[in-house]
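The values are calculated or read from the model by the stated rules, or taken from the named source; none is laboratory data. Computed from a predicted structure; not experimentally measured. All Cβ positions, glycine included, derive from the backbone under ideal geometry; neighbour counts span all protein chains shown.
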Number of protein chains: 2
Amino acid sequence: MTSLATAQRSLADPSVRHPLWPPLTRGCPVTSTEEVAYPLDIDYAYDEVPADLFARPAAHGLERWAPLLPPLAAPGLGEGNTPLVELADGLWIKDESRNPTWSHKDRLNRVAVSAAVASGARGIVVSSSGNHGAAAAAYAARAGLPCAVFTSPDAPPAVASHLRAYGATVLTVPRASVRPLMLRIVDELGFQSVSSVTDTAHTGHPFGPEGYKTLAYEIALDLGRAPAAVHLPTGYGELLFGVAKGFRELARLGVTDSVPRVYATEPAAAGALTEALRTGRPVARVPVGPSIAYAIDCEISGYRGVLAVRETGGAARTVTDEQMAAAQAELAAQGLWFEASSAAGLAGFRAHGPHEADGPVVCVATSSGYKDIGTARHAYAPMDPDWQSIKTALTESEPPK
Amino acid sequence: MTSLATAQRSLADPSVRHPLWPPLTRGCPVTSTEEVAYPLDIDYAYDEVPADLFARPAAHGLERWAPLLPPLAAPGLGEGNTPLVELADGLWIKDESRNPTWSHKDRLNRVAVSAAVASGARGIVVSSSGNHGAAAAAYAARAGLPCAVFTSPDAPPAVASHLRAYGATVLTVPRASVRPLMLRIVDELGFQSVSSVTDTAHTGHPFGPEGYKTLAYEIALDLGRAPAAVHLPTGYGELLFGVAKGFRELARLGVTDSVPRVYATEPAAAGALTEALRTGRPVARVPVGPSIAYAIDCEISGYRGVLAVRETGGAARTVTDEQMAAAQAELAAQGLWFEASSAAGLAGFRAHGPHEADGPVVCVATSSGYKDIGTARHAYAPMDPDWQSIKTALTESEPPK
């Protein structure tokens, strides 16, 4: 199956079209303003989508959905096809920790690294606190391209091991140096960035979020319908946008009868999308306080998030660290260990609803507990083999809830 | 679909049959000797297997294969249905890190915890350096049972975080106290052990290895045939046995034309199965030296391993730490990050072959790099933003192989 992608379109004005190549990673050159570098969207020849595309079962590897993705020029790692686990009656967790690098970011990177390969990039560059960097490094390695990962020296030690594992050049330079160095790597070395290179707002790679559409396709196939609502941890809003777009495509193609409301959950320590929607602006910038949700505590939002919420009738809300920790604990007590930011979707649902059921509710959990800020901070201490205390611990403690 | 399991049979003499319940976790009471507590195997009403069982696609959750498994009384986590990733022409990696707790052990624990639930156990007990304990804790939590995990104080710090995550009681008592305390927990508190409770050899839970059969089912479905050879990291040989049994069942049921040779790879620092096969004994005990393969450096073997190798025409071989590290690096350079022991299957294939191709070769990679002994030992150091050194690193280094 070949890609039906036809063009890049401005998200500010879909009538402004650009050729599919090269990927416009700095935003739309026509519609962007001084305030916002508007991201590009990908258009497809929707009337040529094979009739049986959604009749066949899900499968590993985004090539399963090739007609509705940009060309997949980079080899894959069997990404996607993650399970939907029922947490309670009608409440489902989409377990994205079951991707090749144990986060949802593999879906974006399969597509974005493919764009880099197809457009002749000499390497991949990415700025990330963890998941995005690891995924970019894995797909770059798989494609045989060098990869530069700008990351924080504060990354959890297990994540530091992960980022190093694929042979990428890990750069822990001061924050103020990141953007200028990224641009030099792009401009002077011919690398392609799979994270945002613009200053004024989050723009991001135009092709990358297309990978997230496959989450929607899989959920609809598993449920046999569109859910009523989807709750997502939200940083820059790329995941939010991709999932919303995927569900809108399904309705457009007649695969489902409806589009779920898409709810963004941001950490209360940041909340730029919530602020943008509150003030009616395309993007917002907010002060960022301390948070356990280091994967999504973003200073600026992206216009993609505004569109995803608006076009599905959803909302953006914030949750406190305590609410995320409670959702994380609720999931772990059911055998599902995610990092705190990954539990934000469930935290948002628990805190803000809506709780009236007019169909299944899906919370997307994005990444493994191995990425958590608190992981690997404490080794074990040896214990005395005292029977009475062991017996007490095993018989008088509360059972897991 | 309901289970077609009919009985427990002694692996020493399959004509010795016992009822399916209760699970005989201490080995066959009839055929065991002072030297070996022979494990039990599960028999099925094979002539009642639905004709379309292997015609339908794979799916998450072992219930997909319910007729050929013991009853799945414990709720699942969408385990299994992991991808087969092509590493080179005809050489495939079965990526078991893509299970709910990121290792193959989820397959065993879904089945073994189900046996505990169905037989009225008051809790789960397990002795494990990592993967097995995390999986047992997750499935126990999911089933609402308390769980005791005996583990080594030397576990990597990220694995320590993982073991704690599901609310299990983690016990880091001295090694000599483990077995007596496990037996007290079983006998006095009514818990069921999902790891071996016998002294004389590895016996293990009779139902657990059945979960590993599903690996064979998935591989055969993905390839459209049985592979020529399967290479597996081997500790106590439960995975080895389950995979071999699954392929033998497929041939018996006419789903495939042949049974692959099953090759066990053990760390050279241990190698009990290799020793048992060399000396023609049902089990062997060996001294254990230092090794990076902490998940499989076992002092004793189990009779299951001998049977798996013998009945498929395979072999057991050892690999050095250097060979495992090289295989681990080969996989990481392709975007696949596993712990060192998980790379033992590929290491065994690279070191010992056979390399002549009479069909696809599958190496099972058991667990995520997050479980590696070296993970999370080193955080980042901040770097200077020096362009020349960054440029050199990105343009003059060897590309990933």
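Condition (residue is within 8 Å of another protein chain (Cβ to nearest Cβ), outside any loop (DSSP other than H, G, I, E, B) and surrounded by fewer than 24 Cβ atoms within 10 Å (Cβ to Cβ)) applied to segment B:96-106: is it met by at least one residue? No: segment B:96-106 contains no residue that is within 8 Å of another protein chain (Cβ to nearest Cβ), outside any loop (DSSP other than H, G, I, E, B) and surrounded by fewer than 24 Cβ atoms within 10 Å (Cβ to Cβ). Considering segment A:107-126 alone, what residues qualify as being in a helix (DSSP H, G or I) and in contact with a helix residue (DSSP H, G or I) (Cβ under 7 Å, 6 or more places away or on another chain)? Answer for segment A:107-126, where residues must be in a helix (DSSP H, G or I) and in contact with a helix residue (DSSP H, G or I) (Cβ under 7 Å, 6 or more places away or on another chain): A:Arg107, A:Leu108, A:Asn109, A:Arg110, A:Val111, A:Ala112, A:Val113, A:Val117.
In segment B:101-151, of all residues being in contact with a Cys (Cβ under 8 Å, 6 or more places away or on another chain) and of a type in the set (A, V, I, L, M), the one that is farthest from B:Val194 (Cα to Cα) corresponds to B:Ala141.
Scanning segment A:1-36 for residues that are of a type in the set (Val, Ile, Thr) and touching a residue at least 40 places away in the same chain (Cβ under 8 Å), we see that the one that is farthest from A:Leu183 (Cα to Cα) is A:Thr2.
A:Leu273 passes every criterion in (1) assigned to a strand (DSSP E or B); (2) more than 24 Å from A:Leu62 (Cα to Cα) apart from (1).
Within segment A:63-73, one or more residues are of a type in the set (Phe, Trp, Tyr), away from every other protein chain (no Cβ under 14 Å) and under 20 Å from the mean Cα position of the chain (by Cα).
Within segment B:172-187, being touching a residue at least 40 places away in the same chain (Cβ under 8 Å) and at the interface with chain A (Cβ under 8 Å from one of its Cβ atoms) holds for one residue alone: B:Ile185.
Scanning segment B:200-234 for residues that are charged (D, E, K, R) and surrounded by fewer than 24 Cβ atoms within 10 Å (Cβ to Cβ) returns B:Glu218, B:Asp222, B:Arg225. If the condition is being in contact (Cβ under 8 Å) with a residue 24 or more places away in the chain and in a loop (DSSP other than H, G, I, E, B), then segment A:242-270 contributes A:Leu253, A:Val255, A:Thr256, A:Asp257, A:Ser258, A:Val259, A:Pro260, A:Ala268, A:Ala269, A:Ala270. If you filter segment A:200-225 down to residues that are more than 17 Å from the chain's Cα centre (by Cα) and touching a residue at least 24 places away in the same chain (Cβ under 8 Å), you find that the one that is nearest to the other protein chains (Cβ to nearest Cβ) is A:Asp222.
Looking only at residues in segment B:350-384 that are without any contact (Cβ under 8 Å) to a residue 60 or more places away in the chain and more than 9 Å from chain A (Cβ to nearest Cβ), the one that is surrounded by the fewest Cβ atoms within 10 Å (Cβ to Cβ) is B:Glu356.
Taking the criterion of being surrounded by 15 or more Cβ atoms within 10 Å (Cβ to Cβ), more than 14 Å from chain A (Cβ to nearest Cβ) and touching a strand residue (DSSP E or B) at 6+ places or on another chain (Cβ under 9 Å), would at least one residue in segment B:330-337 satisfy it? Looking for residues that are surrounded by 15 or more Cβ atoms within 10 Å (Cβ to Cβ), more than 14 Å from chain A (Cβ to nearest Cβ) and touching a strand residue (DSSP E or B) at 6+ places or on another chain (Cβ under 9 Å), one finds none in segment B:330-337, hence no.
Every residue, every condition in (1) in the same structural domain as A:Ala228 (by TED's automatic domain parsing); (2) farther than 26 Å from A:Ala343 by Cβ; (3) surrounded by fewer than 24 Cβ atoms within 10 Å (Cβ to Cβ), yes or no:
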position: A:Ala88; (1), (2), (3): yes, no, yes
position: A:Leu91; (1), (2), (3): yes, no, yes
position: A:Val111; (1), (2), (3): no, no, no
position: A:Ile124; (1), (2), (3): no, yes, no
position: A:Ser129; (1), (2), (3): no, no, yes
position: A:Ala148; (1), (2), (3): no, yes, no
position: A:Pro157; (1), (2), (3): no, no, yes
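For segment B:331-342, filtering for residues that are free of Cβ contacts under 8 Å to residues at least 40 places away in the same chain and in a helix (DSSP H, G or I) leaves 1.
Okay, residues lined up against (1) under 15 Å from A:Ala329 (Cα atoms); (2) of a type in the set (Ser, Thr, Tyr):
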{"site": "A:His352", "(1), (2)": "no, no"}
{"site": "A:Gly359", "(1), (2)": "no, no"}
{"site": "A:Ser367", "(1), (2)": "yes, yes"}
{"site": "A:Ile373", "(1), (2)": "yes, no"}
{"site": "A:Pro385", "(1), (2)": "no, no"}
{"site": "A:Glu396", "(1), (2)": "no, no"}
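Residue-level analysis places B:Thr2 outside the set of residues that are surrounded by 15 or more Cβ atoms within 10 Å (Cβ to Cβ), closer than 27 Å to B:Gly144 by Cβ, of a type in the set (S, T, N, Q) and in contact with a helix residue (DSSP H, G or I) (Cβ under 9 Å, 6 or more places away or on another chain). Residue pairs whose Cβ atoms lie under 7 Å apart, sitting 6 or more positions apart in sequence or on different chains, and linking a residue in segment A:49-78 that is closer than 19 Å to A:Glu96 by Cα to a partner that is of a type in the set (Lys, Arg), are A:Ala58/A:Arg64; A:Leu62/A:Arg107; A:Leu62/A:Arg110; A:Gly76/A:Arg110; A:Leu77/A:Arg142. Being of a type in the set (Asp, Glu), at pLDDT 95 or above and more than 23 Å from A:Val230 (Cβ to Cβ) is true of A:Glu322. Taking the criterion of being small (Gly, Ala, Ser) and surrounded by fewer than 20 Cβ atoms within 10 Å (Cβ to Cβ), the only residue of segment A:179-199 that qualifies is A:Gly190.
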